Amino acid sequence: MATLAQPLIDPDADFSLPGWIYTDREFYDVEMARVIRPSWQIVCHESDLARSGDWRTIGYLGEQLVVLRGEDGAIRGFHNVCRHRAMRIVEGDAGCAKKLVCPYHAWAYELDGRLSGVPMKRDYPALRLEDNGLVPVEVSTWRGFVFVRLEDDGGPSVAEMMAPYDAEIAPYRFEEMRTISPARLRERAVNWKNVGDNYSDNLHIPVAHDGLSRLFGKSYAIEAAGWVDKMSGGLVDRPSDNIWERFYQQHLPRVDHLPEESQRQWVYYKLWPNMAFDVYADQIDFMQWLPTSPTSCVLREMAFALPDDRREMTLVRYANWRINRVVNAEDTWLIERVQQGMASQSYTVGPIGASEVCLRSFAAKIRDRIPEARQHRAPAAGWSRRPHGV
């Protein structure tokens, strides 16, 4: 697997990923093992775990995970599964507890994952408390955000992925932000890659997003830097005909800690393979697209901002939401129809333009991990179980 110390050399760079990998069950299973399980997934902001015992959950790929703040102040992650009969220990998205107590048989776990209490303990001849703590999962923090991953394949940390843009992100003070919109889930009848492909697609902006075109004019730009795609646009001075766009243009207040070039810029960062930060002067929107089947996924969304009680900031954040609600609806319409087209026998691969650097970068990494993605048509069933090259 390439480390991306140097850009991947992809002989298929001028072509898209083939349509069959957006619908095929066998490819999906391999993709989950090689791409999603080893990847970092955001859970929450550190401020959501402010007190000892605070916890947050995330579920994906059939796994339920919980991250929590220990009595020593450390943030840890565990599989949300009791070691006795596999019962889910905590229920819901968030909570606070002095101990984690299984609701099935009352096995009790400390905040560091140790099993400390078992009713009728003598009834279990094979039980060793020290061998039956909660199963840990790897946790990492970056600029105030908490991430987990199911497996370590030697891939980069979030900090390493974001390193090319660390200096321009620093003034936003991510670490001091607070959650202003808790995680919400939205189901989509599309393969997860179609969400990410669309997010990084620059050519559809002037065609499909009238609002963004009014806001940015011709300033929209994209670039790919290893593990991160960056898209950006600057607000134009010409007042929009749309009431919410015009309100945002005219009333966005100055944010004193940001440099001048960031005051009226919208910047989008997509992290490999399925996470994105939409960064505005007024707030940050976060989105990840979690696969649920070859032809479906769940969008998990949150919003964060620095505390700011100015009335104009409150109203501008609402206008931001109104603008992006329209953009999201437009994108949903597009990707649902792309997904339907991917299922057509008429589609194999499509040409990729030289300017589509983000799509090229993503496709190269998928092909690097799963070489069968170079094949324009699906190979015979069972390809993933045959010896390499057979």
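The values are calculated or read from the model by the stated rules, or taken from the named source; none is laboratory data. In this text the structure is predicted, and so the values were computed from the model without any measurement. Here the Cβ is made from the backbone with ideal geometry for all residues, glycine too, and neighbour counts use every protein chain on show. In case anyone asks, the SASA skips ligands and DNA or RNA and just uses the protein heavy atoms, side chains included. Shrake-Rupley method; radii C 1.70, N 1.55, O 1.52, S 1.80 Å.
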List, largest first, the extents of the alpha carbons of region 61-151 along their principal axes, each in whole Å. 47, 30, 23
Contact order relative to length of region 1-130, as percent, for alpha carbon pairs under 8 angstrom and 6 or more apart: 13
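In the chain, once you exclude exposed GluC sites (Glu not before Pro) (DSSP loop, at most 11 other Cβ within 10 angstrom), what's the longest stretch remaining?
Values: sites that count: Glu71, Glu91.
Longest run free of exposed loop sites: 92-390.
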For region 303-390, what % of the accessible area comes from carbon and sulfur atoms, probe 1.4 Å? 56
Please turn the phi angles of region 274-289 into ³J(HN,Hα) values with the Karplus equation 6.51 cos²θ - 1.76 cosθ + 1.60 (θ = phi - 60°), one per residue in order, whole Hz, x for glycine and proline. 8, 9, 8, 10, 9, 10, 10, 5, 8, 5, 10, 9, 10, 9, 10, 10
Using Cα pairs closer than 8 Å and at least 6 residues apart in sequence, work out the relative contact order for the chain, in percent. 22
The chain: calculated mean residue ellipticity at 222 nm from DSSP helix runs of at least 4, using -39500 (n - 2.57): -6500 deg cm²/dmol
For region 307-390, would you read off the P(r) tail past 14 Å as a percentage of all alpha carbon pairs? 79
For labels at Arg337 and Arg246 in the simple 7 Å Cα→Cβ model, what's the distance in nm? 2.9
Pseudo-spin-label distance Ala106 to Arg178, built 7 Å along Cα→Cβ, given in nm, is 3.8
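Take the cross-link list Lys98/Lys270; Lys99/Lys121; Lys99/Lys270 and give me the ones stretching past 25 Å between alpha-carbons.
As for pairs spanning more than 25 Å Cα to Cα, those are Lys98/Lys270; Lys99/Lys270.
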Pairwise Cα inverse-distance average, inverted: Kirkwood Rh of region 1-131 (Å): 18.0
Given R₀ = 56 Å, FRET efficiency for Arg310-Tyr347 by Cβ-Cβ distance, to 0.05? 0.65
Of all C-alpha pairs within the chain, those more than 32 angstrom apart amount in percent to 40
Between Asp72 and Arg377, what FRET efficiency follows from the Cβ-Cβ distance if R0 is 45 Å, with the result rounded to 0.05? 0.25
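Which of the chymotrypsin sites (Phe, Trp or Tyr not before Pro) across region 75-137 are loop residues per DSSP, with 15 or fewer other Cβ within 10 Å?
Numbers: sites: Phe78, Tyr104, Trp107, Tyr109; in loops: Tyr104, Trp107.
Those satisfying the criteria are Tyr104.
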What are the ³J(HN,Hα) couplings of region 322-332, residue after residue, when phi is run through the Karplus curve with 6.51, -1.76, 1.60 and θ = phi - 60°? Round to Hz, x for glycine and proline. 4, 4, 6, 4, 5, 4, 4, 5, 5, 5, 4
Given a cut-off of under 8 Å on Cα pairs at least six residues apart, what relative contact order in percent is computed for region 198-289? 22
Calculate, for the chain, the solvent-accessible area per residue in square angstrom, rolling a 1.4 angstrom probe over the heavy atoms of the protein chains. 47
Per residue Cα convex hull volume in Å³ - calculated over region 116-268: 222
Residues whose built amide H sits under 5 Å from the amide H of Leu150, excluding neighbours closer than 5 in sequence, are Ser39
Region 285-372: trypsin sites (Lys or Arg not before Pro) in DSSP loop, at most 10 other beta carbons within 10 Å: Arg310
3J(HN,Hα) from dihedral phi, region 17-22, Karplus parametrisation 6.51/-1.76/1.60, rounded to Hz, x for glycine, proline: 5, x, x, 5, 7, 9
